[in-house]
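Peer 1: Starting off with a structure, shown below.
We did not get these values from a lab; they are worked out from the coordinates using the rules stated. From a predicted model like this one, the values you see are computed outputs, not experimental measurements. Note: ideal-geometry Cβ built from the backbone for every residue, glycine included; neighbour counts use all protein chains shown.
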There are 2 protein chains.
Amino acid sequence: MTPTPNPGPVTPEAPGPAGDWLHLDQQICFSLQSASRAFNGVYRVVLKDLGLTYPQYLVMLALWEHGTLPVRKLGEHLRLDSGTLSPLLKRLEAAGLVHRERSARDERSVEVRPTEEGLALRERALDVPRRIVTATGFGLDEIQGLKARLDRLTTALDTAAANEA
Amino acid sequence: MTPTPNPGPVTPEAPGPAGDWLHLDQQICFSLQSASRAFNGVYRVVLKDLGLTYPQYLVMLALWEHGTLPVRKLGEHLRLDSGTLSPLLKRLEAAGLVHRERSARDERSVEVRPTEEGLALRERALDVPRRIVTATGFGLDEIQGLKARLDRLTTALDTAAANEA
DNA sequence: CACAACTAAATTGCACACAACTAAATGACT
DNA sequence: AGTCATTTAGTTGTGTGCAATTTAGTTGTG
């Protein structure tokens, strides 16, 4: 046994206004992650029929919109690097939804193109957005407002991380 | 070659107000994930000295506050199941920060207790919250407001996922 | 041309998340 | 006491994220 068998609740040493600060970071970040994971849960249910995960759905959305994209551009759109995209794209290719081939102009680049089957899948995905928006219980204005705040937050955090590194 | 060598931009078939809907789900969820991952990036930098990942930091926060918790309670606090917690706690134990032992009252339960070293680590973590809040560039009121919206969103999404399943 | 600096993907290694399953213990009920 | 549903952790397998490294191709410069 340690000197303190059960340490018990440890109160922040600053009971004043600093106390409000103390777990705020955890609270906001945790709420953020919880919301993100809750979204993922809804997408998992909704995308199950399509056989897609949420990141895979994002890739297909990008391809449905742009037709063909090099891996690098996909990564910029989705904020993902090749370490994440390479295996993900390999799975999409194995599922017959995309095709990958080296660019002729630049042999370093790999062009990702949706297959016929990949394009056809779009029809079955058309009602996904409405179902998701409905699931949030939020109005369109509210969603836009929240999105604006989140984007501002992301910019600030990215800047801070770059400066602290 | 397919009938459409390069499908090109595919516009949503509804150019009207429904068009606003169409990628809103992607936009809000994506903004949410981006913010969450940006937070993670800042935490990664800030927690590097402590040798903790963000989920591990959350576990230590819970233990610093409550002293000792069974795995189940930890899971409830952090919204994580044993599939995630078991290996994570094993790593924390290997790092000497926590101790695990079967409960005497209920042999099914495993009590997680911070070690002396784990408790000592708290001192070095005291300035983490302030650094994180600073990194957001948000005021306290703004954080609270955002958190309230996110928690409401999470509740709605959880309910929807449960009903759709 | 030679060669260094740069770029794009892929690979490797680690750490979550989460579904599905297993094993052990508990509780309820007959 | 015996049996069965429930509870609690742990395990296994899949799929991200991301840092660090590797490989191959490209570009700029002397």
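Peer 1: What are the distances, in nm and sorted shortest first, from the label point of A:GLY83 to the label points of the same position in each other copy, with each label point placed 7 Å from Cα along the Cα-to-Cβ direction?
Peer 2: 2.4
Peer 1: Grab the residue from chain A whose Cβ hugs the A-to-B rotation axis most tightly, plus its distance in whole angstrom.
Peer 2: Taking the axis that maps A onto B, the answer comes out as A:SER36, 2.
Peer 1: Going through the cross-link list A:LYS90/B:LYS90; A:LYS48/B:LYS90; B:LYS48/B:LYS73, which pairs have a Cα-Cα distance over 30 Å in this structure?
Peer 2: A:LYS90/B:LYS90; A:LYS48/B:LYS90
Peer 1: Same structure, new question: How far is it, in nm, from the label point at B:ARG44 to the one at A:ALA120 when both lie 7 Å from their Cα along the line to the Cβ?
Peer 2: According to this spin-label approximation, the distance is 3.9 nm.
Peer 1: Per-residue mean of other chain beta-carbon atoms within 10 angstrom of the beta-carbon, peptide B:134-145?
Peer 2: Other-chain Cβ atoms within 10 Å of each residue's Cβ, averaged: 5.
Peer 1: Between region A:52-123 and region B:112-146, what is the C-alpha centre distance in whole Å?
Peer 2: 38
Peer 1: Next question. Round to the nearest 0.05 the FRET efficiency obtained for A:ASN163 and B:GLU93 when R0 = 35 Å and r is the Cβ-Cβ distance.
Peer 2: 0.50
Peer 1: Whole-Hz ³J(HN,Hα) for each residue in region B:80-88, computed from phi via Karplus 6.51 cos²θ - 1.76 cosθ + 1.60 with θ = phi - 60°, x for glycine and proline: what do you get?
Peer 2: 10, 9, 5, x, 8, 6, 4, x, 4
Peer 1: Give me a single rounded figure for A:119-132: the average over its residues of other chain Cβ atoms within 10 Å of their Cβ.
Peer 2: Mean partner-chain Cβ count within 10 Å for A:119-132: 3.
Peer 1: Give the Kirkwood hydrodynamic radius (Å, one decimal) of region B:104-143, defined as one over the mean of 1/r across all pairs of different Cα atoms.
Peer 2: Final number for the Kirkwood radius of region B:104-143 is 13.4 Å.
Peer 1: Now a separate question. Can you give the average number of partner chain beta-carbon atoms within 10 Å of each beta-carbon in peptide B:56-65, as a whole number?
Peer 2: Partner-chain Cβ atoms within 10 Å, mean over residues of B:56-65: 3.
Peer 1: For region B:44-126, restrict the atom set to alpha-carbon positions and state the Rg and Dmax in Å.
Peer 2: Final numbers for Rg and Dmax: 12.2, 41 Å.
Peer 1: Now for a different question. Using θ = phi - 60° and the Karplus form 6.51 cos²θ - 1.76 cosθ + 1.60, what ³J(HN,Hα) does each residue of region B:134-141 get, whole Hz, x for Gly and Pro?
Peer 2: Using θ = phi - 60°, the values come out as 4, 5, 6, x, 9, x, 5, 4 Hz.
Peer 1: Taking amide hydrogens as modeled 1.01 Å from N in the peptide plane, which residues meet the under 5 Å criterion relative to B:HIS99, leaving out close sequence neighbours?
Peer 2: Correct list: B:ARG113, B:THR115.
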